[in-house]
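This report concerns only the one structure given below.
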Amino acid sequence: YTAVDQAESDEAAAFALNAVAAGELAAAAARAGIPIIHISTDYVFDGTKPEPYSETDPVAPLGVYGRSKLAGEEAVAAANPLHVILRTAWVYSPVGKNFVKTMLRVGAAREELGVVHDQRGNPTSAADIAAGILTIAGQILSGSSPVKPGIYHMTASGEASWAEFAEHVFGCSADAGGPVARVKRITSAEYPTPVMRPANSRLECSRLAGAYGVVLPDWRSSAQTCVEQLVKTGDWNA
């Protein structure tokens, strides 16, 4: 359940999927002696820390979605001792609903877009996340690395504001012959949402690199690959 704003009025469903179901899946895996890799989010933090968040920083989710994901982390850890919990952030992909596709779709219809510039994070490709998960799972299954239970942060290298992310998307799109729009940098106050977003969603990922040798690529190159694919297929409008 990833509808951050909708979760505020659909708390039962958010917790059922993100916490209860996650715990049940972890318990089923534990009964079979199978490790579990669980995906969580930067939304477990309130975003007030000036530096990137480490795994040991105190959690303080701002809304129902963040609380449901935190409850999921706790349920998974309690149900299965062989757990690897991966927190990621600002995920995009050529499929599904996400920031990159929204920018291209809206940019095709408008000359200028207002995009928040006072929230920072690590834009992360779903494909890179999947590759990282496969690397971890492969090490565990092959026996080359035992399960190292705990929470790990896994985001792309580099950081940006949403506005900087949008500017890069349109730059890549222009090079590929796709939609282009001007980006007007605005504040979060100028773009109110039902749930406050963390001002700082940056995650520090050195623990994952040390445990499993996984370091995701710089976000700019992965975003360029995503934009080029979307422009080529036209799926940004889907």
Share of Cα-Cα pairs in the chain beyond 27 Å, whole percent, is 37 percent
Figure the gain on full extension for Ala211 and Asp5 (residue separation times 0.36 nm, minus the Cα-Cα span) and round it to one decimal in nm. 70.7 nm
Long-range amide H partners of Leu113 with built H, under 5 Å: Arg182, Val183, Lys184
Where both partners of a DSSP beta bridge lie in the chain, what percent of those bridges are antiparallel, to the nearest 5? 10 percent
Under the helix-only model (-39500 (n - 2.57) for each DSSP H run of 4 or more, divided by the residues of the chain), the mean residue ellipticity at 222 nm, to 500 deg cm²/dmol, is -12500 deg cm²/dmol
Mean-square fluctuation maximum in Gaussian network of the chain, Cα pairs under 10 Å, restricted to Leu113, Leu86, Leu70, hits Leu113
How far is helix 64-79 tilted off the main Cα axis of the chain, in degrees rounded to 10, range 0 to 90? 30 degrees
Note, the range 209-219: 3J(HN,Hα) by Karplus (6.51, -1.76, 1.60, θ = phi - 60°), whole Hz, Gly/Pro = x, goes 4, x, 7, 10, x, 9, 10, 6, x, 4, 4
Here the gain from full extension of Asp218 to Leu134, 0.36 nm per residue of separation minus their alpha-carbon distance, amounts to 28.4 nm
Fluctuation leader among Val95, Val169, Val115 - the chain, Gaussian network, Cα springs under 10 angstrom: Val95
Provide Ser9, Ser201, Ser144 in ascending order of the number of other Cβ atoms located within 10 Å of each residue's Cβ, fewest first. Ser144, Ser9, Ser201
Highest-MSF residue in the chain out of Pro35, Pro146, Pro52 [GNM, Cα springs under 10 Å]: Pro146
Using only Cα atoms and rounding to the nearest 10 degrees, what angle (0 to 90) does helix 162-176 make with the longest principal axis of the chain? 70 degrees
Note the angle between two axes, namely the Cα long axis of helix 126-142 and the longest principal axis of the Cα atoms of the chain, as a number of degrees from 0 to 90, rounded to the nearest 10. 20 degrees
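Only the coordinates and a few stated rules stand behind these numbers; no lab work does. All values derive from a computational prediction rather than experimental measurement. Because the Cβ atoms are built from the backbone with ideal geometry, glycine has one as well, and the counts that use them run over all protein chains shown.
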